[in-house]
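What follows is a single structure, written as structure tokens, with notes after it.
The values are calculated or read from the model by the stated rules, or taken from the named source; none is laboratory data. Since this is a predicted model, take the numbers as computed values, not measurements. Please note: Cβ atoms are built from the backbone with ideal geometry, for glycine as well, and neighbour counts cover all protein chains shown.
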Amino acid sequence: MEYTIRSKAEFNAETHRHVFGDFSWMSNIEPSLFFDKEVAGKVLRWANADDGSDRYLVKYFPKEYWQRRDCILDAVCFNGAYLLLAPEEYRRDEEIAEATIMHSTSDNEGWCYLSDEILGNKDFLLRYMKSGKYIPDLFCFDISETLRHDRDIAAAAFSQKGELYNSFPEDIQCDKDLLLLAIKNAKKDLTEIPPEMYDYPDVVDAMLESELFDDSLYFVDAIKERIGYKVGKMKAALSIRDILALAKVTDIEIHNETDLKKALSTIIAEASNIE
């Protein structure tokens, strides 16, 4: 094939000659030109457009590009999804793995292509998470099954991104200390808290102190169930905080001690209907 674009200058001139979105002219690029970092960077940037519509541009790269470690590292720094095109040996490379995780999208596009060796490497994952770098939302679903149940991994994840709690298994979710850590660092509601965890006053207190849970239906229902349980089992131990919590979610206004006593009577009456 006769290539008409053989230099960086010709490539740059061609980019100004065509309307963005029409990339058919790339078939005329001399393959060796893609190994120029500036040229490859521009194409990868176009291919990584927000809507993903130009992702097909990578087809213009020569096959040899995806066999070189330095090229793979450059590509995943634009989008971790390009790891899909890499040989297996680079999917277990820790430097490439770190770059891939950092540049994966929130739905894990990219880092799920890492090797099982990397996704089961506790030391690597802990080192990465403790560095404070980006963790994908569905982190837990791609790491090894053993590490999904690892307390150290969960603690490192929740320290940075509390809402990751929602995707960890039940044995991790039922660890009170890990739950408190997740509540402290969550930026979204925790929707998968096991009902029995609301029996811990410090868990409820932590949630009450977090503005995230003010409008959460999951939290409202859980508070009602917990206070109903306490009223039924140990009325004398019902705390003012519990009363205020239920009053808040049932629109009972409390301005003085009389209102407080009235609220308690209302709670006790309502609790009789909670099994």
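Descriptive notes on the structure:
- Residue check, residue 176 under 19 Å from residue 97 (Cα atoms) and free of Cβ contacts under 8 Å to residues at least 40 places away in the same chain: no
- Residue within the stretch 43-56 that is modelled with pLDDT of 85 or more, more than 28 Å from residue 119 (Cβ to Cβ) and assigned to a loop (DSSP other than H, G, I, E, B) present: no
- Close Cβ contacts (under 8 Å, 6 or more residues apart or on different chains) running from residues in the stretch 57-69 that are under 15 Å from residue 79 (Cβ atoms) to residues that are loosely packed, with under 14 Cβ neighbours inside 10 Å comprise 66/87.
- Selection status of residue 63, farther than 16 Å from residue 100 by Cβ and modelled with pLDDT of 90 or more: yes
- Of all residues making up the stretch 69-89, the number that are under 15 Å from residue 34 (Cβ atoms) and among the acidic types (Asp, Glu): 2
- Residues satisfying the stated conditions in the stretch 129-170, i.e. hydroxyl-bearing (Ser, Thr, Tyr) and modelled with pLDDT of 90 or more: 144, 146, 159, 165, 167
- Any chance residue 128 is more than 15 Å from residue 179 (Cα to Cα), hydroxyl-bearing (Ser, Thr, Tyr) and in contact with a Ser or Thr (Cβ under 9 Å, 6 or more places away or on another chain): no
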